[in-house]
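Following: one structure in structure tokens, then a few remarks.
Derivation of every value follows stated rules applied to the coordinates shown; laboratory data play no part. Only a predicted model underlies this, so the values are computations on that prediction, with no experimental measurement involved. Every residue, glycine as well, gets a Cβ built from its backbone with ideal geometry; the counts of neighbours run over all protein chains shown.
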Ligand code: FES
């Protein structure tokens, strides 16, 4: 059996939603200390909907494929749904990752959570300003 599914290879070779959102209102960055890979997520949230999402990943192929798939899974979705995205769901949507590559999908989950936290923090600051 091939090590990586077709879907992993597809999202690795043609990652969706790569880039930066200049006026993002939620940004999350995470890294994995062991492998040194870094992932940054940009969210544009309007009326509690993820209107746009982009990512930059300096990391392995599984991390790139996970970020790409994760952005597809939350784009256009309500924040409440985006917040519940798990790394397991991302890995399943990719038709699986090898066990020792599961931590790459964790980066995607954490980067999205951090970006949503950042959005709420900024919102609170604006409301109190
Ligand atoms: Fe570090 Fe994949 S090996 S994120």
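For the reader, a short list of remarks on this structure follows.
- Ordering 53-59, 82-88 by mean Cβ neighbour count within 10 Å, with the highest value first, yields 53-59, 82-88.
- The Cα center of the range 26-61 and the Cα center of the range 68-129 differ in position by 8 Å.
- Report summary: the helix-based calculation at 222 nm, which adds -39500 (n - 2.57) for every DSSP H run with n ≥ 4 and divides by the residues of the chain, gives -14500 deg cm²/dmol.
- Using C-alpha pairs under 8 Å with a sequence gap of at least 6, the mean separation divided by the residue count of the range 25-129 gives a relative contact order of 33 percent.
- Angle in degrees between helix 61-74 and the longest Cα principal axis of the chain, rounded to the nearest 10: 50 degrees
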